[in-house]
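Novice: I have a structure I would like to understand better, so I am pasting it below and will then ask my questions one at a time.
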Amino acid sequence: MTTAGCLGGGGGASNDPIRYLSDRGDSKDVMDEIIAEFEEETDHTVEMIYTAKGTSSDAEMQKMVAAGNPPDLLFDTSTDAYRLQRDGVLAPVTAAVQDNDLPDPVTVDGESYFAAAMVEPLMGWYRNDVYSEMPASWSEWVDAADEVSANGSMEGYVVQSGQTNNADTQMTQYLWQNDVEVYGGPSDGIEVRLDDGDNRQAAVETFEWVQSMAEHSPNGSGWAWGDAIGALQQENAAAIASVGGLPVLTIQANRPDLVENLSPMPFPAPSGAGQDKWWSYMEGHLVRNDGQNTEGAQAFVDFFTSSSRFFDFVLSAPLFQFPPTRAQLDAPEVAENEVIQQHPDVMALVRDNWDAFTSVLATGDDGAPNIVAADAYSEQLFGQAADQLLVGGLTPDETVDWLADQLRGLQ
């Protein structure tokens, strides 16, 4: 824990430091400079509290709350923000969202409760020396992956299942690729539509395709992000689903000779389907309303995006983390980044699909925030459904029923 700057006047009647909890300890040097800049321009001070490596901000926050000393400010995900907003412990950050034209995935009664600092879109990667070109449809993927697997040196594709974030996002995106409307209704009346009419048929077709692709995959039950990347790195598989450029950043450090043989791709889709919804993680700032300096924390969130070191923070993991707005994506700081310049195909894919990027929260009517989706992701129900299909022996029809029942249990 470090305290920067000198004491000054805080928000409201408080002159206490802003207690800022973050799991981004690897960005400490940049954050120290942003904080110093903020303290120089305001009367506030910031006390940074970094979680232990591998520990989420949410888990550490719960410990602090239990001890009666909650943080003022957190760096966390949009799904966690919505759950905390539902619990009534967040203060709005509407000014920061509006002043910086940020995405607004957690808006309730006209107020915003999450200020995005970065987006991290899902993305597939394939061996361009194994596949001479990217298969163009689900059926072509089955045939091409079968051919790769039949050669015996590696599997054609990685299908993941189980209670992991990677499996959950993968299965959700496949359903979206087939235009399955999983949910509907307003935020205060979310309905599960997965097993209704045309949605049901499309969902069954999706799980049938997953079942077919799994025949050309290693056993991915319980695999997390690193497991799939490891299969690609170890040349056990020729294509994976992941998030952003994380595979490239990882493999560059361990097998740089493989990087030129990797190409990014959107998730496989049925023939003729468009890329309408593309899961993108959003991470950023949320402010608790029960800390010691709420107004100071709100002021920091508003300041953060305009900081002179903002791009240094986002580009600490280029290709994996992208700025939260299209204008920032096109900024010189991004274009001039050395790593990004080495992978123009990634940036082309991101730019071409920017308007499709969405949060899993935005799945109520007209993109209304959806607490059922947030809770389903927390429990990784879609990944569990894939396990029911691929390991538990359910049919695609039975898998749809199982998943629909689980989702309704969250309503």
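The values are calculated or read from the model by the stated rules, or taken from the named source; none is laboratory data. A quick note: this is a predicted structure, and the numbers were derived from the prediction, not measured. Don't worry about glycine lacking a Cβ; one is built from the backbone with ideal geometry, like all the others, and counts go over all protein chains shown. Each accessible area value is taken on the protein alone, full model and side chains, heavy atoms only, with ligands, DNA and RNA left out. Shrake-Rupley method; radii C 1.70, N 1.55, O 1.52, S 1.80 Å.
Novice: Does Phe357 count as modelled with pLDDT under 95 and either closer than 23 Å to Tyr82 by Cβ or within 16 Å of the chain's Cα centre (by Cα) (or both)?
Specialist: no
Novice: Just name the residue that is farthest from the chain's Cα centre (by Cα) out of those in segment 205-226 that are polar (S, T, N, Q) and surrounded by fewer than 18 Cβ atoms within 10 Å (Cβ to Cβ).
Specialist: Ser212
Novice: Out of segment 184-204, which residues are over 17 Å from Asp397 (Cα atoms), touching a strand residue (DSSP E or B) at 6+ places or on another chain (Cβ under 8 Å) and surrounded by fewer than 21 Cβ atoms within 10 Å (Cβ to Cβ)?
Specialist: Gly184, Gly185, Ser187, Glu191, listed by residue number.
Novice: Within the set of pairs 6+ apart or on separate chains, which have a first residue in segment 387-403 that is of a type in the set (D, E, K, R), a second that is in a helix (DSSP H, G or I), and C-beta atoms under 8 Å apart?
Specialist: Qualifying pairs under 8 Å: Asp387/Ala167; Asp397/Val204; Glu398/Gln388.
Novice: Scanning segment 273-290 for residues that are buried (at least 24 other Cβ atoms within 10 Å of the Cβ) and of a type outside the set (A, V, I, L, M), which turns out nearest to Glu39 (Cα to Cα)?
Specialist: The selected residue is His285.
Novice: Look through segment 26-36, keep the residues that are open to solvent by 40 Å² or more (accessible area, probe 1.4 Å) and out of contact with any Gly (no Cβ under 8 Å at 6 or more places or on another chain), and return whichever of them is farthest from Ser308 (Cα to Cα).
Specialist: That would be Asp26.
Novice: Check Gln328 against each of (1) surrounded by fewer than 19 Cβ atoms within 10 Å (Cβ to Cβ); (2) under 25 Å from Ile18 (Cβ atoms); (3) without any contact (Cβ under 8 Å) to a residue 60 or more places away in the chain and name the one condition it does not meet.
Specialist: (1)
Novice: Mind listing whichever residues of segment 227-249 are open to solvent by less than 50 Å² (accessible area, probe 1.4 Å) and in a helix (DSSP H, G or I)?
Specialist: Once the filter is applied, which keeps residues that are open to solvent by less than 50 Å² (accessible area, probe 1.4 Å) and in a helix (DSSP H, G or I), segment 227-249 yields Ala228, Ile229, Gly230, Ala231, Leu232, Gln233, Leu246, Pro247, Val248.
Every residue, every condition in (1) open to solvent by 20 Å² or more (accessible area, probe 1.4 Å); (2) under 16 Å from Ala374 (Cα atoms); (3) in a helix (DSSP H, G or I); (4) hydrophobic (A, V, I, L, M, F, W, C), yes or no:
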site	(1), (2), (3), (4)
Pro121	no, no, no, no
Trp125	no, no, no, yes
Ala136	yes, no, no, yes
Tyr157	no, no, no, no
Ala167	no, yes, yes, yes
Thr172	no, yes, yes, no
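Novice: Could I ask something else about it? In segment 78-86, is there at least one residue being open to solvent by 50 Å² or more (accessible area, probe 1.4 Å) and out of contact with any Cys (no Cβ under 6 Å at 6 or more places or on another chain)?
Specialist: Scanning segment 78-86, I find at least one residue that is open to solvent by 50 Å² or more (accessible area, probe 1.4 Å) and out of contact with any Cys (no Cβ under 6 Å at 6 or more places or on another chain), so the answer is yes.
Novice: Still on this structure, please answer the following. Could you look through segment 331-360, keep only residues that are β-branched (Val, Ile, Thr) and open to solvent by less than 40 Å² (accessible area, probe 1.4 Å), and pick out the one that is farthest from Asn261 (Cα to Cα)?
Specialist: Applying the filter and picking the extreme gives Val360.
Novice: Please go through segment 45-62 and give me each residue that is open to solvent by 50 Å² or more (accessible area, probe 1.4 Å) and assigned to a strand (DSSP E or B), ordered by number.
Specialist: Tyr50
Novice: Name the single residue, out of those in segment 318-374 being among the β-branched types (Val, Ile, Thr) and in a loop (DSSP other than H, G, I, E, B), that is farthest from Phe267 (Cα to Cα).
Specialist: Only one residue tops the list, namely Thr325.
Novice: Looking at Phe313, is it within 25 Å of Asp80 (Cβ to Cβ) and either part of a strand (DSSP E or B) or open to solvent by 10 Å² or more (accessible area, probe 1.4 Å) (or both)?
Specialist: no
Novice: Right, another one. Is there a residue in segment 306-318 that is within 19 Å of the chain's Cα centre (by Cα) and among the small types (Gly, Ala, Ser)?
Specialist: yes
Novice: Which count do you get for residues in segment 94-106 that are open to solvent by less than 50 Å² (accessible area, probe 1.4 Å), polar (S, T, N, Q) and not in a loop (DSSP other than H, G, I, E, B)?
Specialist: 1
Novice: Which residue pairs have Cβ atoms closer than 7 Å, lie 6 or more positions apart in sequence or on different chains, and pair a first residue in segment 161-180 that is free of Cβ contacts under 8 Å to residues at least 40 places away in the same chain with a second residue that is part of a loop (DSSP other than H, G, I, E, B)?
Specialist: Note: pairs meeting the criteria are Val180/Leu194.
Novice: Hey, can you tell me all the residues within segment 323-361 that are of a type in the set (Asp, Glu) and out of contact with any helix residue (DSSP H, G or I) (no Cβ under 7 Å at 6 or more places or on another chain)?
Specialist: Scanning segment 323-361 gives Asp330, Glu336, Glu338, Asp345, Asp352, Asp355.
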